[in-house]
Amino acid sequence: MYPVRMLSVFVGLLYLVSGRTVRTQDATGSRFVCNAIPPGAEPGCGYGPIGNRVQSSSPVEDELRITIIQLRETILQQKETIVSQQGTIKELSSKLARCEAAADEGKSRSQGSRRKEYGKNTMGDLPRDPSESIDQLGKTMQSLKGRLENLEQQSFRLPSSNVSAGSVSALAPLPPDLRELLRQRLGSLESQLLRKVAELEEEKSQLYNETAAHRQRTENALNSLLERITELEKNNNAFKSPEDFKVSLPLRTNYLYGRIKKSLPEMYAFTVCMWLKSSASPGIGTPFSYGVPGQANEIVLIEWGKNPIELLVNDKVAQLPLSLSDGRWHHICITWTTRDGFWEAYQDGERLGTGDNLAPWHPVKPGGVIILGQEQDIVGGRFDATQAFVGELSQFNMWDRVLRPVDIMGMANCSAYMPGNVVPWIDANVEVFGGATKAALEICEDRAFDS
(Lines give C-alpha, C1' and ligand atoms only; values in the text may rest on other atoms or scores of the structure.)
Protein backbone atom coordinates (compact mmCIF):
# COMPACT_ATOMS: atom_id res chain seq x y z
CA MET A 1 0.00 0.00 0.00
CA TYR A 2 2.81 2.38 0.90
CA PRO A 3 4.84 1.75 -2.31
CA VAL A 4 1.75 2.79 -4.34
CA ARG A 5 1.42 5.98 -2.30
CA MET A 6 5.09 6.80 -2.84
CA LEU A 7 4.75 6.22 -6.60
CA SER A 8 1.83 8.66 -6.62
CA VAL A 9 3.94 11.27 -4.89
CA PHE A 10 6.74 10.64 -7.36
CA VAL A 11 4.46 11.11 -10.41
CA GLY A 12 3.04 14.28 -8.88
CA LEU A 13 6.50 15.72 -8.44
CA LEU A 14 7.36 14.93 -12.07
CA TYR A 15 4.21 16.68 -13.12
CA LEU A 16 5.08 19.73 -11.08
CA VAL A 17 8.59 19.83 -12.53
CA SER A 18 7.41 19.54 -16.08
CA GLY A 19 4.70 22.16 -15.54
CA ARG A 20 6.99 24.69 -13.98
CA THR A 21 9.54 24.26 -16.80
CA VAL A 22 6.96 24.78 -19.50
CA ARG A 23 5.55 27.83 -17.79
CA THR A 24 9.01 29.33 -17.45
CA GLN A 25 9.79 28.90 -21.10
CA ASP A 26 6.46 30.31 -22.13
CA ALA A 27 6.77 33.34 -19.94
CA THR A 28 10.27 34.40 -20.81
CA GLY A 29 11.06 32.62 -24.03
CA SER A 30 14.68 32.39 -23.07
CA ARG A 31 17.09 29.85 -21.64
CA PHE A 32 19.95 30.10 -19.21
CA VAL A 33 23.39 29.07 -20.42
CA CYS A 34 26.26 28.65 -17.95
CA ASN A 35 29.93 28.70 -18.92
CA ALA A 36 32.93 27.50 -16.98
CA ILE A 37 34.83 30.41 -15.39
CA PRO A 38 38.63 30.10 -15.13
CA PRO A 39 40.13 30.26 -11.70
CA GLY A 40 40.80 33.82 -10.57
CA ALA A 41 38.65 35.37 -13.30
CA GLU A 42 35.90 37.86 -12.65
CA PRO A 43 32.40 36.55 -13.15
CA GLY A 44 30.93 37.70 -16.42
CA CYS A 45 29.94 36.65 -19.90
CA GLY A 46 31.99 35.55 -22.80
CA TYR A 47 34.56 33.45 -21.02
CA GLY A 48 35.52 30.23 -22.61
CA PRO A 49 35.07 29.01 -26.13
CA ILE A 50 31.67 28.99 -27.66
CA GLY A 51 31.94 25.30 -28.43
CA ASN A 52 32.33 24.42 -24.76
CA ARG A 53 29.12 26.05 -23.72
CA VAL A 54 26.61 23.52 -22.39
CA GLN A 55 22.93 23.82 -21.75
CA SER A 56 22.10 23.91 -18.02
CA SER A 57 18.94 23.68 -15.97
CA SER A 58 17.56 26.02 -13.37
CA PRO A 59 18.30 25.60 -9.60
CA VAL A 60 14.68 24.62 -8.98
CA GLU A 61 14.96 21.79 -11.49
CA ASP A 62 18.18 20.57 -9.86
CA GLU A 63 16.58 20.67 -6.42
CA LEU A 64 13.56 18.71 -7.64
CA ARG A 65 15.79 16.21 -9.42
CA ILE A 66 17.78 15.58 -6.23
CA THR A 67 14.55 15.26 -4.25
CA ILE A 68 13.20 12.72 -6.75
CA ILE A 69 16.38 10.66 -6.53
CA GLN A 70 16.19 10.68 -2.72
CA LEU A 71 12.53 9.66 -2.83
CA ARG A 72 13.36 6.86 -5.21
CA GLU A 73 16.04 5.56 -2.86
CA THR A 74 13.63 5.90 0.09
CA ILE A 75 10.96 3.92 -1.79
CA LEU A 76 13.43 1.13 -2.51
CA GLN A 77 14.50 1.02 1.15
CA GLN A 78 10.88 0.97 2.31
CA LYS A 79 10.12 -1.81 -0.15
CA GLU A 80 12.98 -3.91 1.20
CA THR A 81 11.88 -3.20 4.78
CA ILE A 82 8.27 -4.19 4.05
CA VAL A 83 9.39 -7.43 2.41
CA SER A 84 11.56 -8.20 5.46
CA GLN A 85 8.69 -7.37 7.83
CA GLN A 86 6.30 -9.58 5.88
CA GLY A 87 8.73 -12.47 6.18
CA THR A 88 9.06 -11.85 9.90
CA ILE A 89 5.26 -11.75 10.31
CA LYS A 90 4.94 -15.04 8.46
CA GLU A 91 7.62 -16.60 10.67
CA LEU A 92 5.94 -15.33 13.85
CA SER A 93 2.56 -16.58 12.66
CA SER A 94 4.08 -19.98 11.94
CA LYS A 95 5.63 -20.07 15.39
CA LEU A 96 2.32 -19.15 16.98
CA ALA A 97 0.45 -21.82 15.04
CA ARG A 98 3.00 -24.41 16.08
CA CYS A 99 2.81 -23.33 19.72
CA GLU A 100 -0.98 -23.61 19.65
CA ALA A 101 -0.77 -27.07 18.09
CA ALA A 102 1.79 -28.19 20.70
CA ALA A 103 -0.36 -26.79 23.54
CA ASP A 104 -3.48 -28.59 22.27
CA GLU A 105 -1.55 -31.82 21.86
CA GLY A 106 -0.08 -31.52 25.38
CA LYS A 107 -3.55 -30.94 26.87
CA SER A 108 -5.05 -33.98 25.11
CA ARG A 109 -2.22 -36.19 26.24
CA SER A 110 -2.25 -34.94 29.84
CA GLN A 111 -5.95 -35.88 30.15
CA GLY A 112 -5.12 -39.53 29.33
CA SER A 113 -2.03 -39.90 31.50
CA ARG A 114 0.02 -37.19 33.13
CA ARG A 115 3.13 -39.32 33.23
CA LYS A 116 3.28 -40.03 29.46
CA GLU A 117 6.03 -38.40 27.46
CA TYR A 118 5.41 -34.92 26.16
CA GLY A 119 4.68 -34.58 22.43
CA LYS A 120 7.07 -32.96 20.05
CA ASN A 121 7.05 -29.18 20.09
CA THR A 122 8.20 -27.06 17.19
CA MET A 123 10.35 -25.05 19.51
CA GLY A 124 12.15 -28.23 20.54
CA ASP A 125 11.21 -31.29 22.53
CA LEU A 126 9.94 -30.38 25.94
CA PRO A 127 12.30 -31.73 28.61
CA ARG A 128 10.94 -33.90 31.35
CA ASP A 129 11.99 -31.44 34.02
CA PRO A 130 9.32 -28.68 34.37
CA SER A 131 11.94 -26.07 35.22
CA GLU A 132 13.75 -26.77 31.92
CA SER A 133 10.48 -26.40 29.99
CA ILE A 134 9.82 -23.05 31.68
CA ASP A 135 13.35 -21.82 30.88
CA GLN A 136 13.05 -22.89 27.24
CA LEU A 137 9.67 -21.19 26.73
CA GLY A 138 10.98 -18.05 28.44
CA LYS A 139 14.01 -17.91 26.13
CA THR A 140 11.76 -18.29 23.07
CA MET A 141 9.52 -15.48 24.29
CA GLN A 142 12.48 -13.18 24.91
CA SER A 143 13.80 -13.94 21.40
CA LEU A 144 10.47 -13.01 19.81
CA LYS A 145 10.28 -9.81 21.86
CA GLY A 146 13.81 -8.88 20.83
CA ARG A 147 13.07 -9.39 17.16
CA LEU A 148 9.97 -7.21 17.37
CA GLU A 149 11.91 -4.43 19.13
CA ASN A 150 14.65 -4.61 16.46
CA LEU A 151 12.04 -4.23 13.71
CA GLU A 152 10.59 -1.15 15.40
CA GLN A 153 14.01 0.39 15.92
CA GLN A 154 15.00 -0.22 12.31
CA SER A 155 11.80 1.35 11.08
CA PHE A 156 12.30 4.45 13.24
CA ARG A 157 15.81 4.96 11.83
CA LEU A 158 14.62 5.19 8.20
CA PRO A 159 15.48 8.62 6.59
CA SER A 160 12.98 11.31 5.65
CA SER A 161 13.23 14.04 3.01
CA ASN A 162 11.95 17.61 2.61
CA VAL A 163 10.51 19.00 -0.63
CA SER A 164 10.93 22.83 -1.26
CA ALA A 165 9.38 24.82 1.60
CA GLY A 166 7.01 22.03 2.70
CA SER A 167 7.94 18.76 4.29
CA VAL A 168 7.30 15.45 2.57
CA SER A 169 8.10 12.62 4.97
CA ALA A 170 9.00 9.12 4.02
CA LEU A 171 6.75 6.22 4.82
CA ALA A 172 5.68 5.77 8.47
CA PRO A 173 8.26 3.89 10.62
CA LEU A 174 5.93 0.95 11.13
CA PRO A 175 2.31 0.74 9.99
CA PRO A 176 -0.11 0.93 12.94
CA ASP A 177 -2.11 -2.09 11.81
CA LEU A 178 1.09 -4.13 11.40
CA ARG A 179 2.35 -2.99 14.79
CA GLU A 180 -1.00 -3.85 16.39
CA LEU A 181 -0.99 -7.28 14.73
CA LEU A 182 2.51 -8.00 16.05
CA ARG A 183 1.53 -6.89 19.54
CA GLN A 184 -1.56 -9.10 19.47
CA ARG A 185 0.52 -12.06 18.36
CA LEU A 186 3.08 -11.37 21.06
CA GLY A 187 0.36 -11.05 23.70
CA SER A 188 -1.13 -14.36 22.56
CA LEU A 189 2.27 -16.02 22.86
CA GLU A 190 2.73 -14.56 26.33
CA SER A 191 -0.68 -15.86 27.43
CA GLN A 192 0.13 -19.34 26.14
CA LEU A 193 3.49 -19.24 27.90
CA LEU A 194 1.86 -18.27 31.19
CA ARG A 195 -0.70 -21.06 30.85
CA LYS A 196 2.04 -23.56 30.10
CA VAL A 197 4.07 -22.39 33.09
CA ALA A 198 1.00 -22.71 35.34
CA GLU A 199 0.35 -26.24 34.08
CA LEU A 200 3.96 -27.27 34.67
CA GLU A 201 3.98 -25.74 38.15
CA GLU A 202 0.75 -27.55 39.01
CA GLU A 203 2.16 -30.85 37.79
CA LYS A 204 5.36 -30.29 39.75
CA SER A 205 3.36 -29.53 42.90
CA GLN A 206 1.26 -32.68 42.44
CA LEU A 207 4.37 -34.83 41.99
CA TYR A 208 5.94 -33.29 45.11
CA ASN A 209 2.79 -33.92 47.14
CA GLU A 210 2.63 -37.51 45.95
CA THR A 211 6.30 -38.03 46.86
CA ALA A 212 5.82 -36.46 50.30
CA ALA A 213 2.74 -38.58 50.94
CA HIS A 214 4.55 -41.74 49.89
CA ARG A 215 7.50 -40.88 52.13
CA GLN A 216 5.15 -40.22 55.04
CA ARG A 217 3.40 -43.55 54.50
CA THR A 218 6.76 -45.32 54.39
CA GLU A 219 7.93 -43.65 57.60
CA ASN A 220 4.67 -44.53 59.34
CA ALA A 221 5.00 -48.15 58.27
CA LEU A 222 8.60 -48.29 59.52
CA ASN A 223 7.65 -46.71 62.83
CA SER A 224 4.84 -49.22 63.28
CA LEU A 225 7.24 -52.03 62.48
CA LEU A 226 9.83 -50.73 64.96
CA GLU A 227 7.20 -50.39 67.67
CA ARG A 228 6.05 -53.94 67.01
CA ILE A 229 9.63 -55.26 67.14
CA THR A 230 10.25 -53.38 70.39
CA GLU A 231 7.07 -54.79 71.87
CA LEU A 232 8.04 -58.32 70.85
CA GLU A 233 11.51 -57.86 72.31
CA LYS A 234 10.03 -56.67 75.59
CA ASN A 235 7.72 -59.66 75.70
CA ASN A 236 10.54 -62.07 74.97
CA ASN A 237 12.82 -60.46 77.56
CA ALA A 238 10.23 -60.23 80.27
CA PHE A 239 11.62 -61.47 83.57
CA LYS A 240 9.81 -63.15 86.43
CA SER A 241 10.54 -60.08 88.56
CA PRO A 242 11.78 -56.63 87.48
CA GLU A 243 15.04 -57.19 89.40
CA ASP A 244 15.75 -60.75 88.20
CA PHE A 245 18.15 -59.99 85.36
CA LYS A 246 21.84 -59.41 84.73
CA VAL A 247 23.94 -57.26 82.41
CA SER A 248 26.69 -59.08 80.47
CA LEU A 249 29.81 -57.26 79.23
CA PRO A 250 31.89 -60.03 77.62
CA LEU A 251 34.63 -57.99 75.92
CA ARG A 252 37.13 -55.36 77.01
CA THR A 253 36.17 -52.56 74.62
CA ASN A 254 35.25 -48.90 74.84
CA TYR A 255 31.77 -49.33 73.37
CA LEU A 256 30.09 -52.03 75.51
CA TYR A 257 28.37 -50.49 78.51
CA GLY A 258 25.14 -50.01 80.42
CA ARG A 259 23.55 -46.81 81.63
CA ILE A 260 21.24 -46.09 84.56
CA LYS A 261 18.43 -43.79 83.48
CA LYS A 262 18.09 -42.19 86.90
CA SER A 263 20.57 -39.71 88.30
CA LEU A 264 21.56 -38.96 91.88
CA PRO A 265 20.47 -36.15 94.18
CA GLU A 266 22.91 -34.27 96.36
CA MET A 267 24.06 -36.74 99.02
CA TYR A 268 26.12 -36.56 102.19
CA ALA A 269 26.32 -40.35 102.53
CA PHE A 270 25.66 -43.38 100.33
CA THR A 271 25.70 -47.15 100.19
CA VAL A 272 26.12 -48.98 96.88
CA CYS A 273 25.67 -52.77 96.59
CA MET A 274 25.81 -55.17 93.64
CA TRP A 275 26.52 -58.72 92.55
CA LEU A 276 29.65 -59.19 90.40
CA LYS A 277 31.11 -62.11 88.46
CA SER A 278 34.41 -61.77 86.61
CA SER A 279 37.53 -63.70 85.77
CA ALA A 280 39.30 -60.92 83.88
CA SER A 281 43.01 -60.41 84.39
CA PRO A 282 44.82 -58.22 85.09
CA GLY A 283 42.08 -56.32 86.92
CA ILE A 284 38.33 -56.63 86.47
CA GLY A 285 38.02 -53.04 85.21
CA THR A 286 35.33 -50.52 86.23
CA PRO A 287 32.06 -52.02 87.48
CA PHE A 288 30.47 -48.55 87.67
CA SER A 289 31.27 -44.82 87.55
CA TYR A 290 29.33 -41.65 88.32
CA GLY A 291 30.37 -38.39 86.64
CA VAL A 292 29.03 -34.85 86.97
CA PRO A 293 29.83 -31.68 85.04
CA GLY A 294 33.25 -30.53 86.15
CA GLN A 295 34.14 -33.84 87.83
CA ALA A 296 34.06 -37.06 85.80
CA ASN A 297 35.30 -39.08 88.82
CA GLU A 298 32.66 -38.09 91.36
CA ILE A 299 32.20 -41.76 92.41
CA VAL A 300 34.17 -44.61 90.77
CA LEU A 301 34.83 -48.26 91.63
CA ILE A 302 37.79 -49.58 89.59
CA GLU A 303 40.43 -52.31 89.49
CA TRP A 304 42.94 -51.34 86.85
CA GLY A 305 45.92 -53.49 85.95
CA LYS A 306 47.65 -55.07 88.95
CA ASN A 307 46.45 -52.36 91.34
CA PRO A 308 43.96 -53.26 94.08
CA ILE A 309 40.30 -52.25 93.81
CA GLU A 310 39.96 -48.51 94.43
CA LEU A 311 37.07 -46.29 95.48
CA LEU A 312 37.17 -42.71 94.18
CA VAL A 313 35.04 -39.91 95.65
CA ASN A 314 35.56 -36.47 94.10
CA ASP A 315 38.69 -37.94 92.47
CA LYS A 316 40.14 -38.83 95.93
CA VAL A 317 41.28 -42.48 96.24
CA ALA A 318 40.92 -45.22 98.84
CA GLN A 319 42.14 -48.80 98.24
CA LEU A 320 39.70 -51.58 99.17
CA PRO A 321 40.69 -55.10 100.35
CA LEU A 322 38.41 -56.96 97.95
CA SER A 323 39.16 -59.94 95.67
CA LEU A 324 36.64 -60.56 92.89
CA SER A 325 38.42 -62.11 89.87
CA ASP A 326 37.82 -65.83 90.56
CA GLY A 327 34.95 -66.19 88.08
CA ARG A 328 32.26 -66.64 90.79
CA TRP A 329 29.36 -64.47 91.95
CA HIS A 330 30.25 -62.11 94.81
CA HIS A 331 28.08 -59.64 96.66
CA ILE A 332 29.88 -56.37 97.50
CA CYS A 333 28.72 -53.27 99.37
CA ILE A 334 30.56 -49.97 99.90
CA THR A 335 29.45 -47.27 102.32
CA TRP A 336 30.70 -43.68 102.62
CA THR A 337 29.80 -40.59 104.63
CA THR A 338 30.99 -37.02 104.20
CA ARG A 339 31.66 -36.81 107.95
CA ASP A 340 35.40 -37.38 108.17
CA GLY A 341 35.20 -39.19 104.81
CA PHE A 342 34.59 -42.53 106.57
CA TRP A 343 34.12 -45.62 104.31
CA GLU A 344 33.47 -49.38 104.69
CA ALA A 345 33.96 -52.30 102.24
CA TYR A 346 31.88 -55.54 102.41
CA GLN A 347 32.31 -58.74 100.41
CA ASP A 348 29.72 -61.54 100.64
CA GLY A 349 28.22 -59.92 103.75
CA GLU A 350 31.50 -59.54 105.68
CA ARG A 351 33.17 -56.21 106.34
CA LEU A 352 36.74 -56.54 105.07
CA GLY A 353 38.01 -53.00 105.46
CA THR A 354 37.32 -49.44 106.69
CA GLY A 355 39.01 -46.09 106.42
CA ASP A 356 38.51 -42.32 106.64
CA ASN A 357 39.65 -39.03 105.18
CA LEU A 358 38.16 -39.89 101.78
CA ALA A 359 36.88 -36.55 100.44
CA PRO A 360 35.71 -35.45 103.92
CA TRP A 361 32.91 -32.91 104.12
CA HIS A 362 32.35 -33.12 100.36
CA PRO A 363 28.72 -33.55 99.28
CA VAL A 364 28.11 -35.79 96.26
CA LYS A 365 26.95 -33.51 93.45
CA PRO A 366 23.60 -34.13 91.75
CA GLY A 367 22.58 -34.43 88.10
CA GLY A 368 25.33 -36.71 86.84
CA VAL A 369 25.41 -39.93 84.77
CA ILE A 370 25.83 -43.50 86.09
CA ILE A 371 27.64 -45.83 83.67
CA LEU A 372 27.96 -49.59 84.17
CA GLY A 373 31.17 -51.18 82.87
CA GLN A 374 33.15 -48.07 81.86
CA GLU A 375 35.15 -45.26 83.48
CA GLN A 376 34.17 -41.77 82.26
CA ASP A 377 36.73 -39.19 81.18
CA ILE A 378 33.92 -36.79 80.36
CA VAL A 379 30.35 -36.99 81.57
CA GLY A 380 28.75 -39.96 79.82
CA GLY A 381 31.60 -40.75 77.44
CA ARG A 382 35.23 -40.91 76.30
CA PHE A 383 35.74 -44.43 77.59
CA ASP A 384 39.11 -46.23 77.80
CA ALA A 385 39.03 -49.89 76.76
CA THR A 386 41.82 -50.78 79.21
CA GLN A 387 39.58 -49.69 82.10
CA ALA A 388 36.44 -51.50 80.88
CA PHE A 389 34.74 -54.10 83.10
CA VAL A 390 34.64 -57.65 81.72
CA GLY A 391 32.08 -59.97 83.28
CA GLU A 392 28.50 -59.87 84.58
CA LEU A 393 26.76 -57.74 87.18
CA SER A 394 23.31 -57.65 88.74
CA GLN A 395 21.19 -55.95 91.41
CA PHE A 396 23.03 -52.63 91.37
CA ASN A 397 21.26 -50.65 94.14
CA MET A 398 22.11 -47.33 95.79
CA TRP A 399 20.89 -45.61 98.95
CA ASP A 400 21.46 -42.10 100.30
CA ARG A 401 22.46 -43.40 103.76
CA VAL A 402 24.80 -45.91 105.35
CA LEU A 403 23.14 -49.33 105.64
CA ARG A 404 23.45 -51.42 108.76
CA PRO A 405 25.69 -54.50 108.60
CA VAL A 406 22.71 -56.75 109.26
CA ASP A 407 20.92 -55.38 106.20
CA ILE A 408 24.00 -55.99 104.07
CA MET A 409 24.32 -59.55 105.38
CA GLY A 410 20.65 -60.26 104.64
CA MET A 411 21.12 -59.30 100.98
CA ALA A 412 24.39 -61.24 100.67
CA ASN A 413 22.92 -64.56 101.95
CA CYS A 414 19.68 -64.09 99.96
CA SER A 415 17.53 -63.90 103.08
CA ALA A 416 16.34 -60.37 102.28
CA TYR A 417 16.12 -58.04 99.29
CA MET A 418 16.22 -54.26 99.67
CA PRO A 419 15.86 -52.13 96.54
CA GLY A 420 17.79 -48.86 96.61
CA ASN A 421 15.81 -45.77 97.56
CA VAL A 422 17.91 -43.63 95.19
CA VAL A 423 18.72 -46.12 92.39
CA PRO A 424 16.72 -49.38 92.38
CA TRP A 425 17.69 -52.31 90.14
CA ILE A 426 14.76 -52.74 87.76
CA ASP A 427 14.63 -53.64 84.08
CA ALA A 428 13.06 -50.36 82.93
CA ASN A 429 15.82 -48.38 84.64
CA VAL A 430 18.79 -49.95 82.77
CA GLU A 431 19.85 -49.39 79.13
CA VAL A 432 22.57 -51.36 77.33
CA PHE A 433 24.71 -50.27 74.36
CA GLY A 434 27.36 -51.55 71.97
CA GLY A 435 26.53 -55.26 72.24
CA ALA A 436 26.02 -55.46 75.99
CA THR A 437 23.02 -57.68 76.83
CA LYS A 438 20.42 -58.19 79.50
CA ALA A 439 19.36 -61.73 80.44
CA ALA A 440 17.16 -63.36 83.06
CA LEU A 441 18.89 -64.33 86.28
CA GLU A 442 17.87 -65.63 89.67
CA ILE A 443 21.00 -64.68 91.49
CA CYS A 444 20.62 -66.89 94.54
CA GLU A 445 20.00 -70.03 92.49
CA ASP A 446 22.90 -69.23 90.18
CA ARG A 447 25.18 -68.58 93.14
CA ALA A 448 24.16 -71.86 94.75
CA PHE A 449 24.94 -73.65 91.50
CA ASP A 450 28.43 -72.02 91.42
CA SER A 451 29.08 -73.18 94.97
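Miscellaneous remarks
- With all protein chains kept in place, the per residue accessible area of the range 191-294 amounts to 59 square angstrom at a probe of 1.4 angstrom.
- Simple spin-label estimate for ASN254 and ARG228 gives 4.0 nm between the two label positions (7 Å along the Cα-to-Cβ direction from each Cα).
- In the context of the full set of protein chains, the range 299-362 has a per residue accessible area of 45 Å² (1.4 Å probe).
- Three-way shape label, the range 347-393, alpha-carbon gyration tensor, a/c 1.5: oblate
- Exposure ranking of ASP177, ASP315 by accessible area [1.4 Å probe, largest first]: ASP177, ASP315
- Karplus-derived 3J(HN,Hα), 6.51/-1.76/1.60, for each residue of the range 79-93, Hz, glycine and proline x: 4, 4, 4, 5, 4, 4, 5, 4, x, 5, 4, 4, 5, 5, 4
- 16 Å tail of the calculated P(r), the range 293-357, as % of Cα pairs: 49
- Of all accessible heavy-atom area on the range 355-451, the percent that carbon and sulfur account for (1.4 Å): 56
- Neighbour net charge for TYR346 - beta-carbon separation under 12 angstrom, K R +1, D E -1: -2
- Which listed pairs, of LYS246/LYS306; LYS95/LYS196; LYS277/LYS365; LYS261/LYS438; LYS277/LYS306; LYS139/LYS196, have C-alpha distances above 25 Å, in listed order: LYS246/LYS306; LYS277/LYS365
- In this label model, ALA385 and LYS306 are separated by 2.3 nm, measuring between points 7 Å along each Cα→Cβ vector.
- Directionally averaged shadow of the range 248-368, computed from the convex hull of its alpha-carbon atoms, nm²: 7.4
- Each residue was assigned an accessible area with a 1.4 Å probe, and for LYS139 the value is about 150 Å².
- Think of a 1.4 Å ball rolled over the protein heavy atoms: the range 371-433 then has 38 Å² of accessible area per residue.
- Estimated distance in nm for a label pair at GLU100 and ARG215, the labels positioned 7 Å out from Cα along Cα-to-Cβ: 4.3
- Placing LEU324, LEU222 in order of accessible area, with the largest value first and a 1.4 Å probe, yields LEU222, LEU324.
- In the context of the full protein assembly, ILE260 retains an accessible surface of approximately 10 Å², using a probe radius of 1.4 Å and ignoring ligands and nucleic acids.
- Portion, in percent, of the accessible area of the range 179-299 that falls on carbon or sulfur, probe 1.4 Å: 52
- Treating r as the C-beta distance of ALA440 and TYR417 and R0 as 22 Å, the FRET efficiency rounds to 0.85.
- Prolate/oblate/rounded label for the range 348-451 (Cα gyration tensor, a/c 1.5): oblate
- Where GLU73, GLU227 fall by accessible area, highest first, once all protein chains stay in place (1.4 Å): GLU227, GLU73
The values are calculated or read from the model by the stated rules, or taken from the named source; none is laboratory data. Keep in mind that what you see is a predicted model, and the values were worked out from it rather than measured. Glycine also receives a Cβ, built like all others from the backbone with ideal geometry; neighbour counts cover every protein chain displayed. When the accessible area is computed, the model is the full protein with side chains, heavy atoms only, and any ligands, DNA or RNA have been set aside. Shrake-Rupley method; radii C 1.70, N 1.55, O 1.52, S 1.80 Å.
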